[in-house]
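Reviewing the structure listed below.
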Amino acid sequence: MEGSGEPLDPQPPHPGDHRIRDGDFVVLKREDVFKAVQVQRRKKVTFEKQWFYLDNIIGHSYGTTFEVTNGGSLQPKKKKEEPTSETKEAGTDNRNIIDDGKSQKLTQDDIKALKDKGIKGEEIVQQLIENSTTFRDKTEFAQDKYIKKKKKKYEAIITVVKPSTRILSIMYYAREPGKINHMRYDTLAQMLTLGNVRAGNKMIVMETCAGLVLGAMMERMGGFGSIIQLYPGGGPVRAATACFGFPKSFLSGLYEFPLNKVDSLLNGTFSVEMLASEPKDSASVEESNGTLEEKQTSEQDNEDSVAEGPESHHPPEQETMEIVSQDPEYKEPKERGNKKDYIQEKQRRQEEQRKRHLEAAALLSERNADGLIVASRFHPTPLLLSLLDFVAPSRPFVVYCQYKEPLLECYTKLRERGGVINLRLSETWLRNYQVLPDRSHPKLLMSGGGGYLLSGFTVAMDNLKADPSLKSNASTLESNKTEEPAAKKRKCPESDS
């Protein structure tokens, strides 16, 4: 399971898709550290205490390894040469090596002087090896560990890889696990499998994992089918979804619907006015508050210009939520006094959003979804009990929660409600292994937990459970049926005699 997913790209092949282009979302990799960025010319990127520009990676293939040179330029790294005979000399054991801090002849000032001269990290590592008095006395394994440690410290080597579900989930789990509710990547893989996410499906997802679960579903569906995302608050958060870099064709089958309108949709009281009331009110407020709007705009422009540098660490979320409002070219007409154009553009976007909401409401009203996936920070029981009504019978559903107790309560409520079978509460167990010649073993540190999953299948509700009178009649019929075979058993010995 751990080695699957990355080589297979569900996106349709495009000409030059294996080449890095300007505007693409890529993932920078250094050892086991990842960072997702968007390729832009003359954009300064900081990664692992190093800054550089991404101009030189445009046109290269994904998977190319680069080295940071002077001036923040990235240059493709040549293939490694075979180790010299000096590095192959090794001792039998390390018992006579004393770590007194005097084995290295080069001082910190000497190493800093080498860096200032522009000497590459590989040459610095080689000089550290040559000036170490105890390096040749170490064992071969200790020498490899020493070289690896020094390379990580002095060599600035970065690999540019294509974003995928596996890479982005590992990145979020290592850097910001709180944003994805501490969902481990193997748990996400189990969710996609148990939820039967595939091309052509009509899926419902409710998640508060920065759009990671949504992006994983879109990648697996490959742009075929439809996904209805239910979101709390003012709008969906799709920071991780933007990091995938999906083409526009993938977004045609993506719909969103506010979570606070689900009850009205179930009760049959949902109407167009419920969606149209809030945007119209906000537009009228903007028209009436003319001077206040201009003051807020000028202050917001100043804040955006000041925060332009720090926002480079997390650009996807900001770009997906407020693309038009953050564009400085778009703010110029508003600053010049063309406020009507700004209001018309905003009303047009609000109208498009209302249309998408109505389309999503129509899809939900059909109540024939092929699956349901819930992964949020809210309590899963009320969410699942209400959203299961939109799922067709004989379809899977999966609920993720960081803790076990809410899912146990949800399990009990589902058993009482009925309409579901094959309920299963599971926790995945993951342990990484080091695979090296003559030293393969499980790693000492492992993840304590990646969350819990509650999965099952929907079935058509039994009418006997809904009508208590039918249930009482059924109980009398069952009692009569149980008495009938007993009488037949008493007659059998009489016929034999």
field: Protection-proxy order for peptides 262-268, 132-138, 206-212, each taking the mean of Cβ atoms within 10 Å per residue, highest first
entry: 206-212, 132-138, 262-268
message: Amide H of Asp24 versus every other amide H placed in the peptide plane: which residues, excluding those fewer than 5 positions away on the same chain, fall under 5 Å?
response: Val39
message: With a 1.4 Å probe and all protein chains kept in place, how much accessible area does His18 have, in Å² rounded to the nearest 10?
response: 110 Å²
field: Local electrostatic count at Lys120 - Lys and Arg +1, Asp and Glu -1, tallied over other residues with Cβ under 9 Å
entry: -4
- request: Sort the following peptides by mean Cβ neighbour count (other Cβ atoms within 10 Å, averaged over residues), highest first: 154-164, 48-58, 430-440, 234-244.
  value: 234-244, 154-164, 48-58, 430-440
- prompt: Once a ≥ b ≥ c are taken as the square roots of the eigenvalues of the Cα gyration tensor of the range 96-147, is the result rounded (a/c under 1.5), prolate (a/b larger than b/c) or oblate (a/b not larger than b/c)?
  reply: oblate
query: Rounded to a whole number, what is D in µm²/s for the range 100-231 from Stokes-Einstein with the Kirkwood radius over alpha-carbon pairs (4 °C, 1.567 mPa s)?
result: 69 µm²/s
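Mind checking the dipole of the range 391-430: about its Cα centre, +1 per Lys or Arg Cβ, -1 per Asp or Glu Cβ, Debye to the nearest 20?
On the way: 6 positive and 4 negative charges, 35 e Å.
Result for the range 391-430 is approximately 160 debye, rounded to the nearest 20.
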message: With the cut-off at 1.5 for a/c, could you classify the range 154-261 from its C-alpha gyration tensor as rounded, prolate or oblate?
response: prolate
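With +1 assigned to the C-beta of every Lys and Arg and -1 to the C-beta of every Asp and Glu, and no other charges, what is the dipole magnitude of the range 38-146 about the Cα centre in debye, to the nearest 20?
Numbers: 20 positive and 19 negative charges, 147 e Å.
Value, rounded to 20: 700 debye.
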- prompt: Given H placed on each backbone N at 1.01 Å, which residues far from Glu256 in sequence or on other chains put an amide H within less than 5 Å of it?
  reply: Gln229
task: Give, as a single signed number, the net charge of other residues whose beta carbon lies under 13 Å from the beta carbon of Asn96, with Lys and Arg counted +1 and Asp and Glu -1.
output: -1
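Hey, which of these cross-link pairs are over 20 Å Cα-Cα: Lys248/Lys355; Lys79/Lys112; Lys35/Lys443; Lys49/Lys78; Lys102/Lys150; Lys404/Lys443?
Exceeds cut-off: Lys79/Lys112; Lys35/Lys443; Lys49/Lys78; Lys404/Lys443.
Which of rounded, prolate, oblate describes the range 200-243, given a ≥ b ≥ c as roots of the alpha-carbon gyration tensor eigenvalues and a/c under 1.5 marking rounded, otherwise prolate only if a/b is larger than b/c?
Details: a/c = 2.48, a/b = 1.43, b/c = 1.73.
Judged from the Cα gyration tensor, the range 200-243 comes out oblate (a/c at least 1.5, b/c at or above a/b).
The values are calculated or read from the model by the stated rules, or taken from the named source; none is laboratory data. Values in this document were obtained by computation on a predicted structure and should not be read as measured data. Note that each Cβ is placed from the backbone with ideal geometry, even for glycine, and that neighbours are counted across all protein chains shown. SASA here: full protein model, heavy atoms, side chains in, ligands and nucleic acids out. Shrake-Rupley method; radii C 1.70, N 1.55, O 1.52, S 1.80 Å.
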